[in-house]
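Here is the structure we will look at.
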Amino acid sequence: MPPLHRSALAGDPIEQFREWYERADREVRLANAMALATVDEQGAPDVRMVLLKGYGPDGFRFFSNLTSAKARQLAAFPRAALVLYWRELDRQVRIRGSVERLPEPDSDAYFESRPREAQVGAWASPQSEPLPDRAALDARVDEVLERFSGDELPRPPFWGGFAVRPEEIEFWQGQAARLHDRFRYTRVADGWRLERLAP
């Protein structure tokens, strides 16, 4: 990649993210995979991969079982960090901010758009809870299939969406000799402050 100059960046980080993400979506397999970092009740960090399911001025969206470890952690400490890494482009985007539950209609709309198999999985999985074996999970899937045989699956009451409302967004582009280009947008009263960071 050629060096990244400040003059090439949008004034709004969401627009800058859109530019990078649209290219990644064309060139990178599973470009919407992102690491979600939270903290548990003891303040210990926890991280896992989730899928970005929308973004805009209101934040970066993902969905989950609301009884999962991540959801419980976010209920207790509603702040998070995200990282999207696109190896093929030698780029990453880091996001930090507060977290809010999405409105029910938003969760309903996204759930309806999921393939039926994914809807069944959402009903069947007691996410983050111990299971005796795979057969126990398969049995739960069979129960859901029998319960909703031939019917549309409604969104489970224990499943919904979250939005990370960005306060900082950093765009990182790899360069030779580890002299990477890093630019950080920080939310301020009248918009965003943009500054270059040392690699």
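The values are calculated or read from the model by the stated rules, or taken from the named source; none is laboratory data. Because the structure is a prediction, the values reported are computed rather than measured. All Cβ positions, even for glycine, are placed from backbone atoms using ideal geometry, and neighbour counts span all protein chains on display. We work out accessible area using only protein heavy atoms, side chains counted, and drop any ligands, DNA or RNA first. Shrake-Rupley method; radii C 1.70, N 1.55, O 1.52, S 1.80 Å.
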Of all residues in the range 1-19, which are part of a helix (DSSP H, G or I) and either among the acidic types (Asp, Glu) or in contact with a helix residue (DSSP H, G or I) (Cβ under 8 Å, 6 or more places away or on another chain) (or both)? Glu15, Glu19
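Tally time: how many residues in the range 119-144 are part of a helix (DSSP H, G or I), in contact with a helix residue (DSSP H, G or I) (Cβ under 8 Å, 6 or more places away or on another chain) and of a type in the set (A, V, I, L, M)?
Residues flagged as part of a helix (DSSP H, G or I), in contact with a helix residue (DSSP H, G or I) (Cβ under 8 Å, 6 or more places away or on another chain) and of a type in the set (A, V, I, L, M) within the range 119-144 amount to 6.
Hey, can you tell me all the residues within the range 20-50 that are assigned to a strand (DSSP E or B) and open to solvent by 40 Å² or more (accessible area, probe 1.4 Å)?
Result: Val39, Pro45, Asp46, Val47, Arg48, Met49.
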Against the condition under 16 Å from the mean Cα position of the chain (by Cα) and touching a residue at least 60 places away in the same chain (Cβ under 8 Å), how does Arg48 come out, does it pass? no
Complete set of residues in the range 162-199 that are assigned to a strand (DSSP E or B), among the polar types (S, T, N, Q) and closer than 21 Å to Glu88 by Cβ: Gln173
What about Gln73, is it under 20 Å from Arg18 (Cα atoms) and either open to solvent by 60 Å² or more (accessible area, probe 1.4 Å) or of a type outside the set (D, E, K, R) (or both)? no
Scanning the range 51-70 for residues that are farther than 15 Å from Met34 by Cα and outside any helix (DSSP H, G or I), the one most open to solvent (accessible area, probe 1.4 Å) turns out to be Pro57
Just the residues that are over 21 Å from the mean Cα position of the chain (by Cα) and open to solvent by less than 70 Å² (accessible area, probe 1.4 Å), please, taken from the range 125-172. Ala135, Ala136, Leu137, Asp138, Ala139, Val141, Val144, Phe148, Leu153, Pro154
Test Gln92 against the stated conditions and say whether it is part of a helix (DSSP H, G or I) and open to solvent by less than 80 Å² (accessible area, probe 1.4 Å). no
For the range 106-118, give me each residue that is within 15 Å of Leu51 (Cα to Cα), in a helix (DSSP H, G or I) and open to solvent by 50 Å² or more (accessible area, probe 1.4 Å). Ser113
